[in-house]
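These notes are about the structure you will find just below.
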Amino acid sequence: MSAAPRQTASFLMQRFREVGLEPDKRRGQNFLIDLNLLEILAMEAGITDRDVVLEVGTGLGSLTALMAERAAAVVTVEIDKHLQQLASEVLDGFDNVTMLRHDALKNKNHLHPAIIETVQAKLAEEPGRQLKLAANLPYCIATPIISNLLSTPFVPVSMTVTIQKELGDRIVAKPHTKDYSALSIWIQAQCDARILRTLPPQVFWPRPKVDSVIVQIVPNMERREQIPDLEFFHTFVRSMFFHRRKFLRSVLVAAMKGQLTKPQVDAVLEAQELGPTARAEELDVDRMLSLCEAVRQTLAKNATS
């Protein structure tokens, strides 16, 4: 059973008219209507019968159905009760699909507990199961979904998602570019990320005003394990980009106010060979990791002295 061939613009318009609904722009409801691209997204995710797939944004269930044909289990999350009802009609024949109606986020830094509990339960059903994120992510929550999944107890082996092109550019950006950000460093420090395909607005309904991309992010466990304190690193990197155009010294002094003295900040920067005009956007991933660890160790020494 596959619902994918039905998800065309005319089909979606008809279904929405039948139930008296319109897509909710506030929730980033832009449905992928190019049937080939739906297939490509499912194919690029590399779903097998040992995978538990997490999908955020069930929509009408077309991509869900494609993935359910290949996966051990699919956990799909939809905040809109009307869309979930429509999707349930499409997915009724799949006994390996669990539908959740929740906001996917508990808050901007954490996934909803029901998602974590359900995914953990599905992973535990059989030995050797692994998690993959595959979804046409709503634009409004794409960043925290991707970022927060890297802080869960069950880091996915891959994330293959459609997102706004601007976000995709930030994920793969290099130092000294306008798109380079805390998110770039957070992801690149522990993952391999690449843009697979650029999608024009016309492959969605309703059409967004911007291009989108299919991006694939593959966590590198060896790299992750070399970061002594992931939570500290995450917080540290974000604080370094609060004022990206300011000199790094000023940003670090402000971020560590009450924890490190100005002489201590200067000593850390000098040891890292970072001069008075250095800025966060100039540091590559390795240098940011090194700076973060130097700060963390200095804080630890202060705590024990």
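Please treat every number below as a calculation from the coordinates, not as lab data. Given the structure is predicted, the values throughout are model-derived calculations rather than measurements. Here the Cβ positions follow ideal geometry from the backbone for every residue, glycine too, while neighbour counts run over all protein chains shown.
Whole-percent P(r), segment 154-209, all Cα pairs, 10 Å bins from 0: 21, 46, 27, 6. The alpha-carbon positions of segment 36-194 define a convex hull whose volume is 110 Å³ per residue. Using a cutoff of 8 angstrom between alpha carbon atoms and counting only pairs six or more residues apart, the relative contact order for segment 243-304 works out to 40 percent. Between residue 116 and residue 211, the contour length at 0.36 nm per residue exceeds the alpha carbon distance by 31.1 nm. For the pair residue 245 and residue 286, a Förster radius of 25 Å applied to the C-beta separation gives a FRET efficiency near 0.65, rounded to the nearest 0.05. Could you give log10 I(q)/I(0) at q = 0.12, 0.15 Å⁻¹ for the chain, computed by the Debye formula over C-alpha point scatterers of equal weight, without solvent? Here log10 of I(q) over I(0) equals -0.81, -1.12. For the chain, the longest principal axis of the alpha carbon atoms and the long axis of helix 113-124 meet at an angle near 80°.
Between 217, 185, 79, the Gaussian network model of the chain with springs among Cα atoms under 10 angstrom shows the greatest mean-square fluctuation at 79. Rounded to the nearest 10 degrees, the angle from helix 35-44 to the longest Cα principal axis of the chain is 50 degrees.
Taken over the alpha carbons of segment 243-304 as equal point scatterers, the Debye sum produces base-10 log I(q)/I(0) values at 0.19, 0.26 Å⁻¹ of -0.65, -1.23. Measuring how big segment 45-88 is from its alpha-carbon positions, Rg and Dmax come out at 10.4, 31 Å.
Look at the alpha carbon pairs under 8 Å that are at least 6 residues apart: their mean separation over the length of the chain gives a relative contact order of 14 percent. Among DSSP beta bridges whose residues both lie in the chain, state the antiparallel percentage, nearest 5. Taking every DSSP beta bridge within the chain, about 50 percent pair in antiparallel fashion.
Between residue 43 and residue 70, what length comes free when the chain is fully extended (0.36 nm per residue of separation minus the Cα-Cα distance, one decimal in nm)? Write out the running numbers ahead of the final one.
Details: separation 27, 0.36 × 27 = 9.72 nm, distance 0.98 nm.
This chain segment gains 8.7 nm when fully extended.
Taking 0.36 nm per residue of sequence separation and removing the Cα-Cα distance, the residue 232/residue 194 pair yields an extension gain of 11.1 nm. What angle, in degrees between 0 and 90 and rounded to the nearest 10, separates the Cα long axis of helix 285-304 from the longest principal axis of the Cα atoms of the chain? So the inclination is approximately 60 degrees. Determine the alpha carbon to alpha carbon distance for each of 246/301; 81/174; 174/209; 122/174; 165/262; 178/301 and list only those over 32 Å. With Cα atoms farther than 32 Å apart: 81/174; 122/174; 165/262; 178/301.
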